[in-house]
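Read-outs: derived from the displayed coordinates by stated rules, not from any lab. Nothing here was measured: the structure is a model prediction, and the numbers come from that model. All Cβ positions, even for glycine, are placed from backbone atoms using ideal geometry, and neighbour counts span all protein chains on display.
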Amino acid sequence: MKHFFSFIILLFFLFGSGIQFATAAIFEVSSVARKPALYQQFQVDLMLNAENQGINAVEARVVFPENLLALEEIRDGGSIVTFWVDKPTEGGAVEEGLRQVYFSGVIPGGFEGVLSPYYEGTKPGRILSLIFVAKEVGEGVITVKDQKVYLHDGLGTQTSASILPLSFKVGTEIVVAPVHIPKDEDAPEPFTPEIVQDVDIFEGKYFLVFVAQDKGSGVDYYEIAEKRGKEVKAYEKLSWNEVQSPYILQDQQLKSTIYVKAVDRTGNERIALVSPENELSLYEKYFVWFIILVGILGLILMSILWRKRTLL
């Protein structure tokens, strides 16, 4: 997967431009709850300070002490990373007593910082958020390891990246106001899948590209259904398959309606439709009805023959 990540970012860098800077980027681990109470839920954000550089891709591991914290949820909604090569996922122990969340992704166009008319300069951008529950009294550190940052300089130059870890202390008493972590009840934002064909990709077959954004918990996965005939309104009756973008279409004649479902990490859904580019022939449109009619006529004929044999 690491080789694939390198290949993906190089594709983006071929179209990049910019100047290489010597200043190191900074991964900042932050939280308003540095002293959570025992069994308290709290949020930790991983921020990226570009330090006036154009950054095109990032890769890292967020590590935390498993004896003190339990990871409840990973949220990447509203992330500065819009193309995940490896979506943030909790993995096994990176070292004894430490668990990890690994990720890698691309920022098309580069990231230099968050701009706003309400302040001068730029501010760090959020890569992801982690929702923890403090499960044991004690002190610990949440930090970043194996970090890699690539510049938006047309070459994919790897630059240095420093770390600002988060030190925390789990106590038996609540010393700060409880952290309110809103539940994600909103569906992913509307998105538009596109049918693409290229003679150099997938042997010239038609494929679908799509990406949805979710400002809450983040998009978890996609499902696709292809069906010919009249557009289906009862989506639950469709035969859904979990897929990734890009997706090679099953109906290469482009006569099917394509249904693409984006599901976020809390189960909210958004469905986008792609209408068939080619119409069904009259034979294809009425073939099902023809089969039904033949079946009905067959039943009637069998009934008549049965009656005649009974009379004899």
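If R0 is taken as 35 Å, the Cβ-Cβ distance between I201 and K123 corresponds to a FRET efficiency of 0.35. Each label point was placed 7 Å from the Cα along the Cα-to-Cβ direction; for D186 and S167 their separation is 3.7 nm. Sequentially through region 73-78, phi angles give Karplus couplings (6.51, -1.76, 1.60; θ = phi - 60°) of 7, 10, 10, 10, x, x Hz, Gly and Pro residues having no value and appearing as x.
With the largest listed first and rounded to whole Å, the semi-axes of the equivalent ellipsoid of region 95-226 from the Cα gyration tensor are 36, 22, 19.
Relative contact order for region 176-283: 31 percent, from Cα pairs under 8 Å spaced at least 6 residues apart, divided by residue count.
Placing R0 at 25 angstrom, the Cβ-Cβ distance between L38 and V141 gives a FRET efficiency of 0.85 after rounding to 0.05. Ranked by the mean number of other Cβ atoms within 10 Å of their residues, highest first, the peptides 111-118, 184-191 come out as 184-191, 111-118. Once you list every other residue whose beta carbon is under 14 Å from the beta carbon of N241, what net charge do they have if Lys and Arg are +1 and Asp and Glu are -1? It works out to a net charge of -2.
Mind ranking 257-269, 80-92, 236-248 by how tightly packed they are, going by the mean number of other C-beta atoms within 10 angstrom, highest first?
Values: 257-269: 19.4, 80-92: 15.7, 236-248: 12.5.
Ranked from most to least packed, the peptides come out as 257-269, 80-92, 236-248.
Test of understanding: what is the full-extension gain from L297 to N52, defined as 0.36 nm times their sequence separation minus their Cα-Cα distance?
On the way: separation 245, 0.36 × 245 = 88.20 nm, distance 7.64 nm.
Using 0.36 nm per residue and subtracting the Cα-Cα distance, I get 80.6 nm.
Taken over region 2-170, the alpha-carbon convex hull comes to 113 cubic angstrom per residue. For region 194-280, the Cβ-based charge dipole about the Cα centre amounts to some 380 debye (Lys, Arg positive; Asp, Glu negative; other atoms uncharged).
Each residue of region 231-241 was assigned a 3J(HN,Hα) from its phi angle through the Karplus curve 6.51 cos²θ - 1.76 cosθ + 1.60 (θ = phi - 60°); the sequence is 4, 8, 9, 8, 4, 5, 7, 7, 9, 8, 10 Hz, with glycine and proline shown as x. Pairs with C-alpha atoms separated by more than 22 Å, drawn from the list K87/K148; K233/K255; K148/K261, are K148/K261.
Taking the Cα centre as origin and putting +1 on Lys and Arg beta-carbons and -1 on Asp and Glu beta-carbons, what dipole magnitude results for region 55-105, to the nearest 20 debye? Could you put the intermediate results ahead of the total?
On the way: 4 positive and 9 negative charges, 35 e Å.
Charge dipole of region 55-105: 160 debye, to the nearest 20.
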